[in-house]
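See below for the structure under consideration.
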Amino acid sequence: MLKLHFAPNSRAGRIVWLLEELGLPYEINKMAFHPKDLKSDEHRARHPLGRIPVLEDGDLMLWESGAIVEYILARYKNGGLKPAVEAAAFPTYLQWFHYCEGMVMPPVNTIIVQTVLLPPDRRSETALGQAQRLLTRAMAPVDEALAGSDYLIGDFSAADVMLGHAAFMANRLDCVTDEMANLKAYLARIEARPAFQTAITMK
C-alpha cells in the first residue's frame, strides 16, 4: 500500500487530494510541520532536506509533489486525470501543471517565510510586499484562462490538483482579488469537492 509522509498546510495536501480523487488506498504518517519532526534523522533518511511530501511505495521513496502526482497517475491509473499526449488539451495541461511551482509557489513560499517562519526582527516588509504583488500578478492569467471553463482544461485534471491547491493557498493569503471572479468561482468548485475537503481538513 502507498504510504504518504504528511504535514498539514503543506504541498502534501495535494497528494492526499489526488489519492482521494482516484479512490486509491493509502496510509498516512502524520508529522508536525516543525523541525523536531521534519529534520529528525528518521525523516532525513526519507528526504535529505527534511521536506514533505514523501511517498513510500514498497522500497521506493519519492519526493517532489509534482513528481509524486505524475508517478501515481502513470503507475496506478494509466494516465488517469490527464489528457492523452495526442489530445489538443495536452500542452495546456502541461503548462498549468508546471505553472504552479514555476510562478505561484515561489512568492507563496516567500510570504510564509516573512510572516510565519522568520522571527519578527528578521522579517522584511519590502520582501513581503514584493512577494504579495508578484503572487497577485501570477493569479491573473489563471483567472483569464478560467473564463467560460469550470476547470483549467475544461474537465477536472491533475493540473487542477497542482495549481488549484496553490491557488487555494494564494487566496488564503489574500492575494486573489475580488475582481478575479472566474478564479473565485473556480476555488468554490474545488473547495466543494469531497476529496479536497478530506485533504484540506486533515490535521
Worksheet item: For the range 174-203, which residues satisfy the criterion of being basic (K, R) and loosely packed, with under 12 Cβ neighbours inside 10 Å?
Response: K203
Worksheet item: So which residues in the range 1-31 are more than 18 Å from the chain's Cα centre (by Cα) and either within 19 Å of A167 (Cα to Cα) or among the hydrophobic types (A, V, I, L, M, F, W, C) (or both)?
Response: M1, L2, L24
Item to complete: Return the only residue of K30, K36 being among the charged types (D, E, K, R) and more than 30 Å from L81 (Cα to Cα).
Response: K36
Worksheet entry | In the range 36-70, the residues that are among the acidic types (D, E) and either under 21 Å from G164 (Cα atoms) or not assigned by TED's automatic domain parsing to the domain that holds V16 (or both) | E64, E70
Fill in: Candidates L73, L94 - the one that is under 29 Å from L2 (Cβ atoms) and in the same structural domain as R46 (by TED's automatic domain parsing)
L73
Worksheet item: Looking at this structure, is A158 at pLDDT 95 or above, under 23 Å from N9 (Cβ atoms), among the small types (G, A, S) and in contact with a Cys (Cβ under 6 Å, 6 or more places away or on another chain)?
Response: no
Item to complete: Among the residues of the range 44-97, count how many are assigned to a loop (DSSP other than H, G, I, E, B), more than 30 Å from S149 (Cα to Cα) and among the hydrophobic types (A, V, I, L, M, F, W, C).
Response: 3
Fill in: Among the residues listed as A185, A138, A167, the single one being outside the structural domain of N9 (by TED's automatic domain parsing), within 13 Å of the chain's Cα centre (by Cα) and among the small types (G, A, S)
A167
Item to complete: Any chance you could count how many residues in the range 20-42 are in contact with a Phe, Trp or Tyr (Cβ under 7 Å, 6 or more places away or on another chain) and touching a residue at least 60 places away in the same chain (Cβ under 8 Å)?
Response: 2
Practice prompt. Would you tally the residues in the range 127-154 being in contact with a Leu (Cβ under 9 Å, 6 or more places away or on another chain) and assigned to a strand (DSSP E or B)?
Written response: 0
Worksheet entry | Within the range 75-110, considering residues that are of a type in the set (G, A, S) and in contact (Cβ under 8 Å) with a residue 24 or more places away in the chain, the one surrounded by the fewest Cβ atoms within 10 Å (Cβ to Cβ) | G80
Item to complete: Please work out if T177 is over 26 Å from E21 (Cα atoms) and outside any helix (DSSP H, G or I).
Response: yes
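The values are calculated or read from the model by the stated rules, or taken from the named source; none is laboratory data. This is a predicted model, so every value here is computed, not measured. Heads up, the Cβs are rebuilt from the backbone with ideal geometry, glycines too, and the neighbour counts pull from every protein chain shown.
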